[in-house]
Amino acid sequence: MKKTAILTDSGSGLTQKEAQDAGIFFLPLQVLHEENQYLDGVSIQLHEVYDLLKQQSKLTTSMPPIGLVEETLKQIKEAGYDSVVCIPITSGLSSSMALIQTSAEELQMEIHMIDCFSTCYIQRYLATCAKKLADQGISAVEIAKRLRDSINSSNTLIIPDDLQHLKRGGRLTPVAATLGGLLKIKPLLQLNQSCNGKIDVYDKVRTMSKAQDKAINTFVNEGVDGDYICSCLHTDAMEAGTAFKERMQEALPNTEIYFGYIGAVISVHTGIGCLGIQYIKKVVGC
């Protein structure tokens with residue numbers, strides 16, 4: 001039976017240890033602070049990034065080190081895997097996908113790149129599902145097909161408390177960035193296939209409460225039910241996040257909702273106090 005390796009990066013919110021425990025190969029994105037370069041989930045942890053953000057430190061991010069990408073792919077090849085299914089952070093937010101693709105081609109490896117057009121829990125869910133399917137002996141081609149089918153029915157909505165981090169990092173579309181200069185506007189942002197994995201404006205409202213209402217109603221109107229998995233995530237905003245999750249669960253009583261933190265690399269761009277919700281159709285066989 002052919003062996004398929006599953007590869008993801010820290011955009012998924014997984015740490016190196018969590019990925020290893022799950023049998024998933026892992027690439028850390030980088031968090032840059034002053035002259036220091038940290039490997040996300042390896043040499044810097046989520047709470048440390050949050051502490052730096054609270055101190056208003058200027059942080060940036062970068063794709064995984066090229067040498068580490070090559071080393072990881074060589075490790076996969078030498079371990080006897082016939083193919084790789086890779087689920088990195090969306091190409092709209094990072095160049096990681098292109099780097100991994102190029103490195104795999106140079107090593108003459110069969111690799112199936114999956115653009116999830118998102119990150120965080122959607123990316124994590126897809127990676128863990130891919131591993132389950134690989135363990136069942138499902139072929140890499142079929143795994144990739146099932147993941148892409150689910151991605152076609154997915155969405156991410158983001159409610160930032162402050163747009164400055166996203167503007168500075170260049171992760172907003174020009175239209176969304178322009179909104180940052182407007183007063184008394186709470187933008188509801190989206191990240192999905194329709195905007196090619198780039199963060200764009202979905203709607204503009206006046207208050208955080210109205211933004212939350214709009215986000216939840218969008219999921220309801222798009223038919224999210226028990227066939228879907230949802231997540232409610234926050235950047236060190238436990239009280240607001242918990243209340244938001246409870247509102248989601250009330251509106252979507254038959255849907256499983258994961259509750260957790262926005263990962264380190266994403267938090268660098270969203271800032272403290274951000275809320276986000278996601279849905280994705282369940283992967284067949286998971």
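The values are calculated or read from the model by the stated rules, or taken from the named source; none is laboratory data. Since the model is a prediction, treat every value here as computed from it, not as a measurement. Using ideal geometry, Cβ is built from the backbone for each residue, glycine included, and neighbour counts are taken over all protein chains shown.
Name, by its number, the condition in (1) surrounded by fewer than 24 Cβ atoms within 10 Å (Cβ to Cβ); (2) within 29 Å of Gln37 (Cα to Cα) that does not hold for Ala264.
That leaves (1) as the condition not met.
Could you say whether any residue in region 209-220 is hydroxyl-bearing (Ser, Thr, Tyr), surrounded by 15 or more Cβ atoms within 10 Å (Cβ to Cβ), at pLDDT 95 or above and closer than 18 Å to Leu93 by Cβ?
no
When you look at Thr235, is it surrounded by 23 or more Cβ atoms within 10 Å (Cβ to Cβ) and either of a type outside the set (S, T, N, Q) or under 25 Å from Cys116 (Cα atoms) (or both), yes or no?
Against the criterion (surrounded by 23 or more Cβ atoms within 10 Å (Cβ to Cβ) and either of a type outside the set (S, T, N, Q) or under 25 Å from Cys116 (Cα atoms) (or both)), Thr235 qualifies.
What pairs come up if the first residue lies in region 34-57 and is assigned by TED's automatic domain parsing to the domain that holds Gln16, the second is exposed (fewer than 13 other Cβ atoms within 10 Å of the Cβ) and in a loop (DSSP other than H, G, I, E, B), and their beta carbons are under 7 Å apart, counting only those six or more places apart or on different chains?
Nothing qualifies.
Taking the condition within 16 Å of the chain's Cα centre (by Cα) and touching a residue at least 12 places away in the same chain (Cβ under 8 Å), does Gly92 pass? Break it down stepwise before answering.
Values: within 16 Å of the chain's Cα centre (by Cα): yes; touching a residue at least 12 places away in the same chain (Cβ under 8 Å): yes.
Considered against the rule, which asks whether it is within 16 Å of the chain's Cα centre (by Cα) and touching a residue at least 12 places away in the same chain (Cβ under 8 Å), Gly92 comes out as yes.
Tell me, which strands (runs of 3 or more DSSP E) wholly within region 1-88 include 2 or more residues that are under 15 Å from Ala130 (Cα atoms)?
4-9, 25-27, 83-87
Starting from region 237-253, take each residue that is touching a residue at least 12 places away in the same chain (Cβ under 8 Å) and in the same structural domain as Ile216 (by TED's automatic domain parsing) and list its partners that are crowded, with 17+ Cβ neighbours inside 10 Å and of a type in the set (S, T, N, Q), counting only C-beta distances under 6 angstrom and pairs at least six apart or across chains.
Here the result reads Phe244/Gln212, each pair linking region 237-253 to a residue that is crowded, with 17+ Cβ neighbours inside 10 Å and of a type in the set (S, T, N, Q).
Mind listing whichever residues of region 190-199 are in contact with a strand residue (DSSP E or B) (Cβ under 6 Å, 6 or more places away or on another chain) and at pLDDT below 90?
In the first step, residues of region 190-199 are kept if they are in contact with a strand residue (DSSP E or B) (Cβ under 6 Å, 6 or more places away or on another chain); the result is 190-192, 199.
Correct list: Ile199 only.
Yes or no, residue by residue, for (1) surrounded by fewer than 21 Cβ atoms within 10 Å (Cβ to Cβ); (2) under 18 Å from Leu233 (Cβ atoms):
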| position | (1), (2) |
| --- | --- |
| Asp21 | yes, no |
| Ile24 | no, no |
| Glu34 | yes, no |
| Gln45 | yes, yes |
| Leu52 | yes, no |
| Pro65 | yes, no |
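Starting from residues that are in contact with a His (Cβ under 7 Å, 6 or more places away or on another chain) and either part of a loop (DSSP other than H, G, I, E, B) or of a type in the set (D, E, K, R) (or both), keep the ones in region 243-272 and report whichever is nearest to Thr60 (Cα to Cα).
Step by step, filter region 243-272, then rank; the result is Gly271.
Quick check on my filter: what residues within region 217-237 are within 19 Å of the chain's Cα centre (by Cα) and either of a type in the set (Ser, Thr, Tyr) or in a helix (DSSP H, G or I) (or both)?
Residues satisfying the conditions are Phe219, Tyr228, Ser231, Thr235.
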